[in-house]
Amino acid sequence: MSIVQNNETTVTTIKNFVGGKWIDTATSQYEKVLDPATGAIIAEVPISTKEDVAQAVAVAKEAFQSWKKVPVPKRARILFAYHQLLTEHHEELAKLVTKENGKSYKEAYGEVLRGIECVEFATGAPSLMMGDNLSTIATDIDSQFFRYPIGVVAGISPFNFPMMVPCWMFPLAIACGNTFILKPSERTPILANRLAELLQQAGLPDGVMNIVHGAHDVVNGVIDHADVKAISFVGSEPVAQYVYKSAAAKGKRVQALAGAKNHHIVMPDANRETAIQQIINSTFGSAGQRCMACSAVVAVGDVADDFIEAFKQASDQVKIGNGMDEDVTLTPVIRQDNLKRALGYIEKGIAEGATLIRDGRKEMDSFSEGNFLGPTIFDHVSPDMSIARDELFAPILSIIRAANLDEALEIVNQSRFGNSATLYTDSAKAVRQFREEAEPGMLGVNVGVPAPMAFFPFSGWKNSFFGDLHVNGKDGVAFFTRKKMITSRF
Ligand code: NAD
């Protein structure tokens, strides 16, 4: 069992998953897992130690010796079975996401689908892992390359996508023949165990997939362990940078996906209804806690006033509530600390001279529990203000005015982040200029959350990504494999 009932306290205690078994750790340190909508304690998670990491790495290293020799189509077949199980349990998994993360059931259902699509992509391992060859590179000499797994690899994930982000990592890693250690976010650790349970049910041999719960000690444990060959990290900018630098210094492969500040440019010719609907969902869905969330609108030209007024009116209609409520859009932020941080930024925005045109603090009184903040909008924000520069990860939107597209693009490119940006327009010329000049690595045209599907790379730029091979797509396959060249004389 992944979660056991602790009779003394009636709080469920989460276990680590190592070598196909649910095991306790030697740690005496546990952290509470809270329902963000109610503040209720739903579980406790062990803050595992470096020794727990070492134990899991030893098991995964042993399992690698046989897993790497399992024929690739057989590995893919296990993932086909896993895909089937995930699909059968789609609703149950979505409810777990809502429970521990707080996002709406609709968002959670979509997230689970995004995770399943990663498994779908990984089932293509026999084609994806193919090498290449060329005959007659010299007289009677041919060259070919094969792809091999790299060994024990680790994944470290954030709280905001408990299903999708781990699924960016382990399905492809194991399809390529690696063995895996996952450290889920300590704030959303429950779903990961269910994913491992279903993977075992799908027929994965023991020791191929392992979970070590905890916080920075586990992260440092995998960074420091010589037998961990690659680390896939997703989280905030400072931690991503730290993991990238320290793991790379130890000779590991690293892909570290980091924070974001995503601008949405609204051109005067934009379809207003589409733009408003997309921006509302992108800004306030999941309480702004998406790395692809819109956090700044750049309103272009003299229609800005009209657009902003219509947007503000639409924001008044946003339904706030528990993620399990019908038709809810704006759900709680993950913890009280995150709410306090968001409130601090509202104060900063006011102090810096931005105009608070919608104050989401007024909706807080309607909730006696949970970490709720209503839609909050600042107008007349300048790019140098902290609310425009920093990732707030909350339902707070900055509106920046620009005279034309050139100026709007300058504002977008001023950001140290480069995850995503969207342009709302019907003009092909504007789209081309946006595509050529905007620096974020994932662009949307009239699309509020332009997240690529699993067969494309999730390709943030600048401080939104540290590394070179992105997660998913062919980059993902290259990250989890190494090539061997053979040159033969006949
Ligand atoms: P976080 O950085 O706090 O935590 C991420 C992981 O790092 C967790 O597993 C956590 O336990 C671990 N961690 C935290 N502090 C650490 C430390 N000091 N040393 C070692 N490990 C540490 O991030 P979060 O709050 O869980 O997630 C939100 C962040 O993730 C946002 O910044 C968001 O933009 C980012 N994110 C980025 C992408 C992307 O694709 N670029 C996707 C999802 C989330």
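Summary of computed values
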quantity	calculated
Members of region 193-211 found to be out of contact with any strand residue (DSSP E or B) (no Cβ under 9 Å at 6 or more places or on another chain) and more than 21 Å from VAL33 (Cβ to Cβ), listed by number	GLN201, ALA202, GLY203, LEU204, PRO205
Meets criteria (assigned to a strand (DSSP E or B) and at pLDDT 95 or above) for GLN255	yes
Identity of the residue in region 202-244, polar (S, T, N, Q) and closer than 18 Å to LYS50 by Cβ, that ends up farthest from the ligand (Cβ to nearest atom)	ASN210
In region 463-487, residue most open to solvent (accessible area, probe 1.4 Å) [restricted to those that are out of contact with any Phe, Trp or Tyr (no Cβ under 8 Å at 6 or more places or on another chain) and within 14 Å of the ligand (Cβ to nearest atom)]	ASP475
Test: GLU111 is assigned to a helix (DSSP H, G or I), among the acidic types (Asp, Glu) and in contact (Cβ under 8 Å) with a residue 60 or more places away in the chain	no
Test for PHE434: is it in contact with a Gly (Cβ under 6 Å, 6 or more places away or on another chain) and either in a loop (DSSP other than H, G, I, E, B) or more than 15 Å from the ligand (Cβ to nearest atom) (or both)	no
Long-range neighbours under 6 Å by Cβ, at least six apart or interchain, first residue in contact (Cβ under 8 Å) with a residue 12 or more places away in the chain within region 207-235, second more than 12 Å from the ligand (Cβ to nearest atom) and among the acidic types (Asp, Glu)	VAL212/ASP52
Residue within region 142-154 that is touching a Phe, Trp or Tyr at 6+ places or on another chain (Cβ under 8 Å) and within 16 Å of the ligand (Cβ to nearest atom) present	yes
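Conditions (1) open to solvent by 50 Å² or more (accessible area, probe 1.4 Å); (2) over 23 Å from ASN281 (Cα atoms), marked per residue:
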site	(1), (2)
ASP337	yes, yes
ALA342	no, no
HIS380	yes, no
PHE417	no, no
VAL431	no, no
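The values are calculated or read from the model by the stated rules, or taken from the named source; none is laboratory data. This one's a predicted model, so the numbers in the text were calculated from it and none came from an experiment. Virtual Cβ from ideal backbone geometry, glycine too; neighbours counted across all protein chains shown. These area figures cover heavy atoms from the full protein model, side chains too; ligands, DNA and RNA do not enter into them. Shrake-Rupley method; radii C 1.70, N 1.55, O 1.52, S 1.80 Å.
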